[in-house]
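Worksheet for the structure shown next.
The values are calculated or read from the model by the stated rules, or taken from the named source; none is laboratory data. Predicted model only: the values in this text are computed from it and were never measured. Cβ atoms come from the backbone with ideal geometry, glycine included; neighbour counts cover every protein chain shown.
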């Protein structure tokens, strides 16, 4: 009699797969999943020994859970993060009494810098790992910046 393989079908997502070991997937399920994935990668890449990266969930919720935070503390931290941006916008709207034109450029510049930092945080590990695509990835980022600059130059300026 063969042992039943445990792989929760709901662990497969659009862009990844997630299971909790022993609850959603067992050792035999992991082995069979690896064999199937390996076969598919070899068939699709046409390489005899392709490289595969197995990732980890680094979202703040997971990191807090692994760090031993209680469910209450994790919920409170997530609530604070979720409320932070709307609260800052409301406080700015209610509390700012000066001319908006004096603050808006700095606020938009700060936001743009934050978005560039977020983009680089995703891009730099890719550039480091995929050295064969380094030029293409860097060029893509530079083209994105040029498009953003061009849009800023080309947009109409109605103020005086």
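Does segment 117-138 include one or more residues that are at negative phi, surrounded by 10 or more Cβ atoms within 10 Å (Cβ to Cβ), modelled with pLDDT under 75 and not in a helix (DSSP H, G or I)?
Yes - at least one qualifying residue is present in segment 117-138.
Looking only at segment 8-33, count every residue that is surrounded by 11 or more Cβ atoms within 10 Å (Cβ to Cβ), in a loop (DSSP other than H, G, I, E, B) and either at pLDDT 85 or above or in contact with a strand residue (DSSP E or B) (Cβ under 7 Å, 6 or more places away or on another chain) (or both) and tell me the total.
Adding up the residues that qualify gives 4.
When you scan segment 87-97, do you find a residue that is in contact with a helix residue (DSSP H, G or I) (Cβ under 9 Å, 6 or more places away or on another chain), at pLDDT below 85 and surrounded by 10 or more Cβ atoms within 10 Å (Cβ to Cβ), even just one?
Filtering segment 87-97 for residues in contact with a helix residue (DSSP H, G or I) (Cβ under 9 Å, 6 or more places away or on another chain) gives 92, 96.
Add one more test, that the residue is at pLDDT below 85, and what stays is 92, 96.
Subsequent filtering for residues that are surrounded by 10 or more Cβ atoms within 10 Å (Cβ to Cβ) retains 92, 96.
Yes.
Would you confirm whether or not segment 74-82 contains a residue that is surrounded by 10 or more Cβ atoms within 10 Å (Cβ to Cβ) and either at pLDDT below 75 or over 24 Å from residue 62 (Cα atoms) (or both)?
No, that holds for no residue.
Looking at segment 70-96, I want the residues that are at positive phi and in the same structural domain as residue 114 (by TED's automatic domain parsing) and have a partner that is in a helix (DSSP H, G or I) and surrounded by 11 or more Cβ atoms within 10 Å (Cβ to Cβ) with Cβ atoms under 8 Å, at least 6 apart or on another chain. Which pairs are those?
none
Restricting to segment 148-158, name every residue that is farther than 17 Å from residue 108 by Cα and either at pLDDT 85 or above or in a helix (DSSP H, G or I) (or both).
Matches in segment 148-158: 154 only.
Show the residue pairs meeting these rules: Cβ distance below 9 Å; 6+ apart or different chains; first residue within segment 30-50 and touching a residue at least 12 places away in the same chain (Cβ under 8 Å); second residue surrounded by fewer than 10 Cβ atoms within 10 Å (Cβ to Cβ) and in a loop (DSSP other than H, G, I, E, B).
Taking only residues 6 or more apart or on different chains, the pairs are 37/52; 38/52.
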